[in-house]
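As structure tokens, the structure follows; a few thoughts come after it.
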Amino acid sequence: MEAPNIEKLIAAVVTWVVEEGSYVTKTKLLKLLYLFDVEYYRNYRQTFTGFAWKFFHLGPWAPEFDPALEGLVAKGILSQQQSNKEFETIFYRPDERIDPREPFSNVKDEYILRRVLKLWGTRSTGEILDHVYFQTAPMEAGIRNAPLDFSVIHSEKPTAYSRSSSGRTKAEIRKRRTKFEAEQAKRKANQNQLFAFTPPKYDEEYLNAMTKLETT
């Protein structure tokens with residue numbers, strides 16, 4: 001497996017969030033990378049970043065994150081903007097646009113990132129922190145100042161819903177559907193007194209004829 005392109009991943013996350021009209025702080029960016037690693041691990045049983053995630057003050061933290069972010073700023077791929085002197089919050093913006101497909105060699109990995117970003121990319125930092133802290137398996141099982149254990153993440157995916165066959169023929173289904181529609185039309189006519197609507201009469205002879213038509 002080729003080495004992950006962490007710089008492009010970070011730049012792609014910042015690009016996507018800003019283009020969606022939201023903001024990126026250091027804390028929000030770090031948590032989005034963590035959420036991506038959680039979902040990536042769910043599929044591959046390893047993280048994409050390879051970061052040494054640990055339970056720190058505000059949840060998951062990795063020592064590799066700051067140097068990677070500073071490197072992107074130094075290279076002019078990202079820029080910093082300070083909100084005001086009182087709170088000294090720093091926001092990040094892309095100086096070089098990186099599309100979410102660029103960090104990956106296959107569309108499946110790109111889809112995992114896009115799914116995380118669509119769900120969390122425009123949320124507030126507080127919302128993301130609440131979810132990360134209380135509703136992700138590595139943090140739920142985590143011990144403060146200790147490495148996070150990603151192996152507690154379940155790999156099972158929800159079973160896709162599919163309708164089972166009733167065992168009835170098309171003619172029988174058509175007959176039942178016609179009868180149901182007739183009952184619905186009659187019920188609506190009774191409920192709506194503003195319109196003089198007479199529902200069609202689907203008698204037994206009509207239903208039998210429809211069944212015969214379907215079977216010929």
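For this structure, a couple of remarks:
- Breaking point among (1) in contact (Cβ under 8 Å) with a residue 40 or more places away in the chain; (2) surrounded by fewer than 16 Cβ atoms within 10 Å (Cβ to Cβ), for residue 63: (1)
- Check on residue 51, assigned by TED's automatic domain parsing to the domain that holds residue 105 and farther than 19 Å from residue 98 by Cα: yes
- Only one of 21, 76, 50 that is free of Cβ contacts under 8 Å to residues at least 40 places away in the same chain and part of a loop (DSSP other than H, G, I, E, B): 76
- Pair list, Cβ under 9 Å, 6 or more apart: region 105-127 residue of a type in the set (Ser, Thr, Tyr), other residue surrounded by 13 or more Cβ atoms within 10 Å (Cβ to Cβ) and outside any loop (DSSP other than H, G, I, E, B): 122/17; 124/28; 125/25; 125/27; 125/28; 125/31
- Verdict on residue 58 being touching a Ser or Thr at 6+ places or on another chain (Cβ under 7 Å) and modelled with pLDDT under 95: yes
- Considering region 53-68, and only residues there that are over 21 Å from residue 109 (Cβ atoms) and part of a helix (DSSP H, G or I), the residue that is nearest to the chain's Cα centre (by Cα) turns out to be 66.
- Against the criterion of being out of contact with any helix residue (DSSP H, G or I) (no Cβ under 8 Å at 6 or more places or on another chain) and either at negative phi or surrounded by 13 or more Cβ atoms within 10 Å (Cβ to Cβ) (or both), residue 68 does not qualify.
- Some residue of region 104-113 being outside any helix (DSSP H, G or I), under 23 Å from the mean Cα position of the chain (by Cα) and under 13 Å from residue 12 (Cβ atoms): yes
The values are calculated or read from the model by the stated rules, or taken from the named source; none is laboratory data. What you see is a predicted model, and the numbers here were worked out from it, not measured in a lab. Counting neighbours? That spans all protein chains shown, and the Cβs are built from the backbone with ideal geometry, glycine included.
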